[in-house]
Amino acid sequence: MSKKVTLRQKELLNHLPKAVRAEAIYKLSRVYVNRQPLKGFTPEEEKKYMQGILDVSPEHNDWPKHSKQFWAELTIPIGFTGVELEIGMDDNDNPLSIMDYIKYRFALKHPHVAMTKKEMDSDFNKRFYIQDLTRDDKVKNNEIQMKKDADKEFIKMSSNEKAMKRVLRLISNTNPDRMTVEQIENSLYELKNANPKKFVRIATDKNLELKAEIEEMVTAGVLRKIGNQIIFIDETLGDTTQDTVVFLKDKKNSGKLTLLRAKLKELSLV
């Protein structure tokens with residue numbers, strides 16, 4: 001089935017006229033890894049896909065030599081409009097265009113090639129990216145679904161002040177006890193929009209209530225936090241919040257949890 005992607009370059013000559021930039025050709029060529037030219041295939045894949053491409057058969061003693069020379073000499077000129085590559089497979093799992101497929105696999109592993117334009121623009125070492133419109137659509141739709149999930153969780157908790165406080169404690173350094181309900185809801189709404197994935201992860205955490213309690217105890221001074229460690233007086237309850245959750249959920253430590261909750265309640269009554 002046919003599938004096409006486009007290998008595109010980063011525009012490094014933005015100060016020049018568009019007509020000049022349009023003529024600029026960059027080359028994606030060899031790099032060395034452990035003194036060997038970067039290869040797009042494993043040895044097994046080479047034998048499967050490159051038989052007939054190299055001048056000798058995979059069983060020939062000179063196969064490694066020819067393979068090394070092939071990858072060392074492989075160069076992909078990339079102009080202003082990019083290079084379209086056919087990377088689809090037929091019903092027998094054979095590439096529809098073997099050379100395009102070889103170039104694609106080479107680009108996938110190349111340290112100068114990013115998977116998206118966003119990744120390329122954020123990394124000085126990336127000079128090219130692979131534009132895959134079907135993948136881009138999938139990524140965009142996943143982002144939309146995540147935002148929808150975050151909206152659902154926000155709506156569910158927005159009528160429950162305690163639930164909003166729990167999430168706010170864990171998603172920020174804010175103390176919700178010093179905020180009005182409106183401020184809490186406004187802050188959560190902004191945090192949800194800024195990072196819906198993190199919001200959903202925290203809002204749906206099965207240990208949300210206990211984790212929020214731990215943070216509340218830290219804020220109140222019942223527990224101390226040194227680095228990631230959670231400490232009660234001189235006893236380390238856990239090296240992380242998650243470790244502390246495991247400790248406090250252990251039935252043999254139920255008395256300790258009851259004690260901590262009692263101390264927190266005492267402070268809240270002061």
Starting from the coordinates of the alpha-carbon atoms of region 78-147, obtain the Kirkwood hydrodynamic radius over all distinct pairs and give the value in Å to one decimal. 13.7 Å
In degrees rounded to 10, the 0-90 angle between helix 63-73 Cα long axis and the longest Cα principal axis of the chain is 80 degrees
When only Cα pairs under 8 Å and 6 or more residues apart are kept, what is the percent relative contact order across region 150-270? 18 percent
Accessible area per residue in Å² at 1.4 Å probe, computed on the chain: 63 Å²
When 1/r is averaged over all different Cα pairs and the result inverted, which Kirkwood radius in Å belongs to region 192-251? 12.3 Å
Using Cα pairs closer than 8 Å and at least 6 residues apart in sequence, work out the relative contact order for region 66-151, in percent. 14 percent
Given bins 5 angstrom wide, list per bin the percent of all Cα-Cα distances in region 99-230, short to long. 2, 9, 15, 14, 12, 10, 9, 9, 9, 6, 3, 1, 0, 0
Among Leu208, Leu223, what's the order by accessible area (1.4 angstrom probe), most exposed first? Leu208, Leu223
If one builds a Gaussian network model of the chain from Cα atoms under 10 Å apart, the most fluctuating residue listed among Val139, Val218, Val33 is Val33
Length-normalised contact order of the chain, Cα under 8 Å, at least 6 apart, in percent, tallies to 15 percent
Report, in degrees rounded to the nearest 10, the 0 to 90 angle that the Cα long axis of helix 98-109 makes with the longest principal axis of the chain. 40 degrees
Shape descriptors of region 159-238 over alpha-carbon atoms, Rg and Dmax in angstrom, are 13.2, 40
Inverse mean reciprocal Cα-Cα distance (Kirkwood Rh) of region 1-120, Å: 15.8 Å
Could you work out how far helix 254-269 tilts from the main Cα principal axis of the chain, as a 0 to 90 degree angle to the nearest 10? 70 degrees
Of the convex hull enclosing the alpha-carbon atoms of the chain, the direction-averaged projected area in nm² is 23.8 nm²
On the accessible surface of the chain, probed at 1.4 Å, how many percent belong to carbon and sulfur atoms? 50 percent
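The values are calculated or read from the model by the stated rules, or taken from the named source; none is laboratory data. Only a predicted model underlies this, so the values are computations on that prediction, with no experimental measurement involved. Side chains included, ligands, DNA and RNA excluded: accessible areas come from the protein's heavy atoms. Shrake-Rupley method; radii C 1.70, N 1.55, O 1.52, S 1.80 Å.
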